[in-house]
Every structure is written in C-alpha cells, then in structure tokens.
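The values are calculated or read from the model by the stated rules, or taken from the named source; none is laboratory data. Note that the coordinates shown come from a computational prediction; the quantities given were computed from them, not determined experimentally. All Cβ positions, even for glycine, are placed from backbone atoms using ideal geometry, and neighbour counts span all protein chains on display. Quick note on the areas: whole protein, heavy atoms, side chains included, nothing else; ligands and nucleic acids left out. Shrake-Rupley method; radii C 1.70, N 1.55, O 1.52, S 1.80 Å.
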Amino acid sequence: MQTIWLTGAEWLAVLRIGLGLWWLESWRHKDKKGWFERGTGIAWAADVAGKHRWAFVKSGFDAVVAPRQKTMAYVVVYAELALGLGLIIGFLTPVALVGGLLLNLLYLVLMIHDWAEQGQNAMMALISIVALFAMSWQTWSLDRATGLFL
C-alpha cells in the first residue's frame with residue numbers, strides 16, 4: 001500500500017489514537033459530580049429508555065442498570081476514560097476496541113431516535129471495526145513493545 005507521508009500501519013495507529021482521543025474527550029466533558037452525586041447521567045438514560053420505541057430497551061435498562069445506578073454511573077464514566085487511555089497508548093488495544101464497539105452499540109440502540117447522536121456513535125463504531133480488523137496496535141503501541149497480540 002502506498003500512502004503519502006506515513007505508512008499504512010502508521011495511519012491505522014493515527015486512527016486508533018484519534019479514536020482514543022475521542023473517548024477521552026467524551027470522558028472529559030462529562031459532569032462527574034452530576035453523574036456520581038446527583039445521578040444525572042443515569043436518570044437521563046432512564047428517561048430515554050422509558051420512552052424508547054423498543055420495549056426490550058426499557059426492560060433491559062430496568063433489569064441491568066436501574067438496580068445499580070451508582071455503580072453503572074462509575075462504569076460508564078470510567079469505561080470511557082479507560083478506553084481513551086488504552087487506545088492512545090495502545091495497551092490491551094483489541095480489548096479496548098471491542099469494549100468501545102460494544103459501548104457505542106449500546107449508545108446507538110439507546111439513542112436510536114436521535115440522528116445527531118447516531119452520527120458520532122456510528123463513526124466511532126466504524127473506526128473501532130477498522131482498527132480492530134486491521135490490527136492497529138502493530139505500530140506505536142505498548143502492545144507492540146511488549147509483544148502482546150502479535
């Protein structure tokens with residue numbers, strides 16, 4: 001593959017790092033005090049799930065998230081941080097890519113009616129798939145330096 005400036009593997013690493021920065025920004029802009037102390041993030045998600053056109057979204061939310069709202073707030077917020085850092089430094093990259101893909105798919109299903117939000121989740125999911133199947137951790141990553149996932 002011929003490219004301008006960087007090799008194909010380096011461009012894939014740029015894509016992976018960019019996705020990590022996107023996750024890090026998602027974590028950075030969250031009102032953590034609101035999420036952890038007032039439960040605003042989970043309350044918002046409960047409202048969306050309660051009005052969702054697909055009944056399984058509400059029942060799934062009620063079964064999985066509602067009984068453990070505080071725990072789930074921490075899981076969502078710190079998953080975004082872990083995904084961002086993991087992808088930027090290339091540590092446990094395939095795990096981070098699959099985890100990010102699953103989180104984006106959950107967001108996609110929850111927000112199926114909001115096309116503005118869907119664009120972001122769809123693009124992040126697509127980048128995750130490309131970075132995963134192209135093995136983007138082969139360049140500029142701790143996984144490469146430590147010999148993981150070769």
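I need the full set of residues from the range 110-150 which are open to solvent by less than 60 Å² (accessible area, probe 1.4 Å) and of a type in the set (Phe, Trp, Tyr), in order please.
Answer for the range 110-150, where residues must be open to solvent by less than 60 Å² (accessible area, probe 1.4 Å) and of a type in the set (Phe, Trp, Tyr): just Trp137.
Identify the residue in the range 127-150 that is part of a loop (DSSP other than H, G, I, E, B) and farther than 12 Å from Ala9 by Cα and, among all such residues, is modelled with the lowest pLDDT.
Leu150
List the pairs whose first member sits in the range 19-47 and is free of Cβ contacts under 8 Å to residues at least 40 places away in the same chain and part of a helix (DSSP H, G or I), whose second member is of a type in the set (Phe, Trp, Tyr) and open to solvent by less than 60 Å² (accessible area, probe 1.4 Å), and whose Cβ atoms are under 9 Å apart, counting only residues at least 6 apart or on separate chains?
What qualifies is Gly41/Trp35; Ile42/Trp35; Ala46/Phe61.
Any residue in the range 111-129 that is within 24 Å of Ala46 (Cβ to Cβ) sitting within a Cβ distance under 8 Å of a residue that is modelled with pLDDT under 90 and in a helix (DSSP H, G or I)? List the pairs, counting only those 6 or more apart or interchain.
Met111/Glu117; Met111/Gln118; Ile112/Gln118
Collect the residues in the range 34-49 that are open to solvent by 40 Å² or more (accessible area, probe 1.4 Å) and of a type in the set (Phe, Trp, Tyr), keeping them in residue-number order.
Scanning the range 34-49 gives Trp35, Trp44.
For the range 69-109, which residues satisfy the criterion of being of a type in the set (S, T, N, Q) and either farther than 20 Å from Ala46 by Cβ or crowded, with 19+ Cβ neighbours inside 10 Å (or both)?
Across the range 69-109, the qualifying residues are Thr93, Asn104.
Just checking, does the range 92-113 include any residue being of a type in the set (Gly, Ala, Ser) and more than 12 Å from the chain's Cα centre (by Cα)?
Among the residues of the range 92-113, not one is of a type in the set (Gly, Ala, Ser) and more than 12 Å from the chain's Cα centre (by Cα), which makes the answer no.
If His52 meets every condition in (1) open to solvent by 40 Å² or more (accessible area, probe 1.4 Å); (2) outside any helix (DSSP H, G or I); (3) not aliphatic (A, V, I, L, M) apart from one, which number is that one?
Unmet condition: (1).
Which is out of contact with any Asp or Glu (no Cβ under 9 Å at 6 or more places or on another chain) and of a type in the set (Ser, Thr, Tyr), of Thr71, Thr3?
Within the list Thr71, Thr3, the selection yields Thr71.
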